[in-house]
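What follows is one structure encoded as structure tokens, with my remarks underneath.
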Amino acid sequence: MLFSAGILCPTAASADTVTLMMDRIDPDAVIMPEIYGQFAEHLGACIYGGLWVGPDSPIPNTQGYRNDVLQALRDLKVPVMRWPGGCFADEYHWRDGIGPVKDRPTQVNNNWGGTVEDNSFGTHEFFNLCELLGCEPYLSGNVGSGSVEELAQWVEYITAADGPMARLRKENGREKPWKLKYLGVGNESWGCGGNFTPEYYSDVYRRYQTYCRDFSGNKLYKIASGASDYDYDWTDIVMKKAHSHMDGISLHYYTVTGWSGSKGSATKFTPDDYYWTLGKCLEIEPVIEKHDSIMDKYDAKKRVGLLVDEWGTWWDVEPGTNPGHLYQQNTMRDAMVAALSLNVFQRHTDRVRMTNIAQVANVLQSMVLTRGDSMVLTPTYYVFKMYIPHQGATPVPVSVKTSRMDVRDGRSVDMLQATASRKDGKITLSLTNVGLDNDIDVEIPLGNSAKVKDMTGSIITAGSVNDYNDFGQPEKVTLKPFKGAKASKGNITLKLPAKSIVTLTFEI
Ligand code: AHR
């Protein structure tokens with residue numbers, strides 16, 4: 001069938017179908033909960049005002065963490081949180097963020113608007129937050145402007161039961177070591193993290209990781225700083241020279257129109273812009289596949305994980321806000337990007353072991369926005385909430401028959417998208433109708449003898465794909481029950497509304 005730009009080409013007059021390929025399930029495969037990871041950088045109001053207001057704030061808080069955000073993140077079952085950057089990580093000196101707060105030095109946050117950082121949120125504040133959330137900490141270590149000794153001693157400070165660093169930690173009020181699994185050795189080392197060549201970085205990586213030790217029963221999972229989107233050379237060289245010294249290598253991929261000039265408004269966009277966004281977002285799949293195939297050259301058994309530790313949409317900042325603080329609104333379009341990206345990650349569990357959306361609060365594609373003592377949950381938040389049953393589940397391969405649309409820049413987008421998983425005898429199936437105008441009749445054939453039990457559903461949709469949730473008004477984009485799916489004669493059928501994401505959970 002021929003397609004021309006912007007023309008919708010239906011494949012058939014009948015319903016679109018989603019087939020669960022139960023015979024293709026790999027029982028050893030798992031959707032690592034870490035695929036639902038978050039990222040918190042010292043950038044704009046992510047930490048200060050977003051997660052942390054300090055214990056003396058009039059904003060209701062628990063030991064300095066705002067109660068509303070804490071509860072929202074607990075409800076999301078956050079599995080892992082990356083900190084303190086981002087670009088900030090390679091200018092962060094951990095000793096500035098320990099000890100009595102009044103004695104901590106300040107620093108200029110050179111990457112992000114020149115804001116003065118007072119270091120009141122440091123190692124203890126971060127690790128205590130992870131304990132409160134019940135999530136794994138993921139530390140991003142300073143390679144660009146730090147030293148091997150500094151990073152090695154940070155690991156010792158956090159994880160050792162005895163010795164000089166443990167003594168210092170205890171003096172600062174924490175007796176027991178924390179557990180630290182995920183350790184990143186630099187961030188974007190090809191750019192803000194030091195402008196290294198991949199050859200030089202590989203040697204530096206090998207040296208740094210040597211001195212980051214496993215103390216007191218702690219076991220580090222060491223992550224090399226990886227490529228940005230299409231930089232396959234970086235992956236090739238770093239893997240070739242250092243793969244045996246790493247557990248993972250990162251990848252950053254943003255859904256962004258470009259790196260210079262305007263990136264477009266987060267809320268004011270045309271249908272053409274919307275479909276372009278989906279095409280760009282879905283391109284993460286061939287990008288992952290290419291990095292994976294390069295990794296296969298050195299690691300055919302896929303021991304080394306590919307960690308997409310920064311991803312999401314990047315728009316112009318909201319008018320009137322500091323351009324260095326990356327504060328953007330979040331619409332139903334962002335919800336679509338979240339769902340389609342998570343679907344892609346769930347198709348690549350053999351290599352993709354963690355991802356961290358950028359970022360958790362008030363920066364880029366956030367989960368929550370805060371203003372004073374108010375908090376708004378974004379459409380993206382609701383996708384993460386809707387997808388919780390996929391965390392830790394076994395992926396169920398799906399085959400989708402649907403129509404395809406050509407979009408700007410030579411990309412194309414399938415109108416119906418799907419992902420499925422199985423856990424504790426239950427199937428969770430998430431379906432997305434990306435089309436703005438037409439509902440889709442969907443048929444899910446399960447075999448004549450199949451008996452569907454205990455089906456429940458939820459939906460995220462909006463009057464307009466430009467809709468967003470804002471302060472002081474009822475939520476426009478939220479998670480609601482969905483009762484439109486019917487099971488009979490070995491089939492589930494439903495009408496999937498335009499621009500909607502639906503998740504069904506059932507037993508067969
Ligand atoms: O997430 C914002 C920034 O994007 C990070 O600090 C950096 O790693 C990336 O370029």
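I want to check the label-to-label distance for D409 and K483. Put each point 7 Å from Cα in the C-beta direction and report it in nm to one decimal.
4.2 nm
In the chain, what percent of the accessible surface is made up of carbon and sulfur (1.4 Å probe, ligands and nucleic acids excluded)? List each step's numbers first, then the result.
On the way: 9890 of 19610 Å².
The value for the chain is 50 percent carbon and sulfur by accessible area.
Under 19 Å Cα-Cα from K301, which aspartates and glutamates qualify once same-chain neighbours fewer than 8 residues away are excluded?
Qualifying aspartates and glutamates at Cα under 19 Å: D26, D28, D236, D247, E289, D292, D350.
With Rg and the Kirkwood Rh both taken from Cα atoms, where does Rg over Rh land for the range 111-235?
Values: Rg = 15.6 Å, Rh = 15.7 Å.
Ratio value, two decimals: 0.99.
Treating the Cα atoms of the range 9-70 as identical point scatterers in vacuum, please give the log10 of the normalised Debye intensity I(q)/I(0) at q = 0.13, 0.16, 0.26 Å⁻¹, two decimals.
Normalising to I(0) and taking log10 leaves -0.64, -0.70, -1.08.
Starting from the 7 Å offset along Cα-to-Cβ, what nm value, one decimal, do you get for the label separation of L168 and D296?
Inter-label distance under the simple model: 4.6 nm.
If DNA, RNA and ligands are ignored and the probe is 1.4 Å, what is the ranking of T394, T210, T255 by accessible area, most exposed first? The partial results should precede the final answer.
Details: T394 30, T210 60, T255 5 Å².
Descending order: T210, T394, T255.
If I histogram all Cα-Cα distances within the range 278-412 using bins 10 Å wide from 0, what percent of pairs lands in each bin?
The distribution over the range 278-412 is 10, 35, 34, 17, 4, 0, given as percents.
Using Cα centres only, tell me the gap between the range 199-262 and the range 402-455 in whole Å.
Comparing the Cα centres of the range 199-262 and the range 402-455, I get a distance of 35 Å.
Would you mind calculating the relative contact order of the chain from Cα pairs under 8 angstrom and at least 6 residues apart, reporting the percent as a whole number?
Numbers: 1148 pairs, mean separation 97.2, N = 508.
Here the relative contact order equals 19 percent.
Suppose the chain between T270 and S120 were pulled fully straight at 0.36 nm per residue; how much longer would it get relative to their current alpha carbon spacing? Mind dumping the intermediate values first?
On the way: separation 150, 0.36 × 150 = 54.00 nm, distance 4.22 nm.
Value of the extension gain: 49.8 nm.
Send over the per residue convex hull volume for the chain, Cα only, as a whole number of Å³. Can you show the working numbers first?
On the way: hull volume 76.3 nm³, N = 508.
Per-residue hull volume (Cα only) is 150 Å³.
With the convex hull built on the Cα atoms of the range 1-148, state its orientation-averaged projected area in nm². Please report the intermediate quantities before stating the final value.
Working: hull surface 64.4 nm².
Averaged projected hull area, Cα only: 16.1 nm².
Using the Karplus curve 6.51 cos²θ - 1.76 cosθ + 1.60 with θ = phi - 60°, what ³J(HN,Hα) values do you get for each residue of the range 172-181, in whole Hz, with x for Gly and Pro?
Going residue by residue, I get 8, x, 10, 6, 6, x, 8, 8, 9, 9 Hz, with x marking Gly and Pro.
Sort W315, W259 by accessible area with a 1.4 Å probe, largest first. Don't skip to the end; give the middle numbers.
Working: W315 10, W259 140 Å².
Order by accessible area, largest first: W259, W315.
Just list whichever of K102/K219; K423/K480; K423/K476; K77/K240; K181/K263; K219/K240 have alpha carbons separated by over 26 Å in the model shown.
Details: K102/K219 33 Å; K423/K480 22 Å; K423/K476 31 Å; K77/K240 36 Å; K181/K263 36 Å; K219/K240 24 Å.
Listed pairs above 26 Å: K102/K219; K423/K476; K77/K240; K181/K263.
In the chain, once you exclude exposed trypsin sites (Lys or Arg not before Pro) (DSSP loop, at most 14 other Cβ within 10 angstrom), what's the longest stretch remaining? All intermediate terms of the calculation are to be shown ahead of the outcome.
Working: sites that count: R213, K219, K268, K301, K302, R303, K451, K483, K489.
Here the longest segment lacking exposed loop sites spans 1-212.
If you take the square roots of the eigenvalues of the alpha-carbon gyration tensor of the range 393-508 and sort them as a ≥ b ≥ c, do you get rounded (a/c under 1.5), prolate (a/b over b/c) or oblate?
On the way: a/c = 2.00, a/b = 1.35, b/c = 1.48.
Because a/c hits 1.5 or more and a/b fails to exceed b/c, the range 393-508 counts as oblate.
Would you please give the residues with an amide H less than 5 Å from that of F196, counting only those at least 5 places away or on a separate chain, with H modeled from the backbone geometry?
Hits under the 5 Å cutoff: W190, G191.
Which whole-Hz couplings ³J(HN,Hα) result when phi for each residue of the range 415-421 is put into the Karplus expression 6.51 cos²θ - 1.76 cosθ + 1.60, θ = phi - 60°, listed in order with x for Gly and Pro?
6, 10, 10, 8, 8, 9, 8
Between A161 and K240, what is the FRET efficiency for a Förster distance of 35 Å, r being their Cβ-Cβ separation, to the nearest 0.05?
Numbers: r = 37 Å, r/R0 = 1.07.
Efficiency for this residue pair is about 0.40.
Return the FRET efficiency for the residue pair E507, D103: r is the Cβ-Cβ distance, R0 is 56 Å, and the value is rounded to the nearest 0.05.
Details: r = 58 Å, r/R0 = 1.04.
For R0 = 56 Å, the calculated efficiency reads 0.45.
Going 7 Å from the Cα of V148 along its beta-carbon direction, which residues of the range 181-221 have the amide nitrogen within less than 16 Å of the resulting point?
Once the point is set 7 Å along Cα→Cβ of V148, 185-186, 200-214 turn out to lie under 16 Å by backbone N, inside the range 181-221.
Once you have the Cα-Cα distance between D231 and Q71, take 0.36 nm times their residue separation minus that, and quote the gain in nm to one decimal. Write out the running numbers ahead of the final one.
Working: separation 160, 0.36 × 160 = 57.60 nm, distance 3.84 nm.
Extra length from D231 to Q71 when fully extended: 53.8 nm.
What full-extension length gain, to one decimal in nm, is calculated for D26 and K426 as 0.36 nm per residue of separation minus the Cα-Cα distance?
Length difference between fully extended and current span is 142.4 nm.
Determine the per residue accessible area of the chain with all protein chains present and a 1.4 angstrom probe, expressed in square angstrom. Could the numbers behind the result be given before it?
Details: 19610 Å² over 508 residues.
Accessible area per residue, the chain: 39 Å².
Calculate the length of the line joining the C-alpha centroid of the range 108-187 to that of the range 24-52, in whole Å.
18 Å
The values are calculated or read from the model by the stated rules, or taken from the named source; none is laboratory data. Predicted model, so just to flag it, every value in this text is computed and none were measured. With ideal geometry, Cβ positions are generated from the backbone for all residues, glycine too; neighbour counts draw on all protein chains shown. Each accessible area value is taken on the protein alone, full model and side chains, heavy atoms only, with ligands, DNA and RNA left out. Shrake-Rupley method; radii C 1.70, N 1.55, O 1.52, S 1.80 Å.
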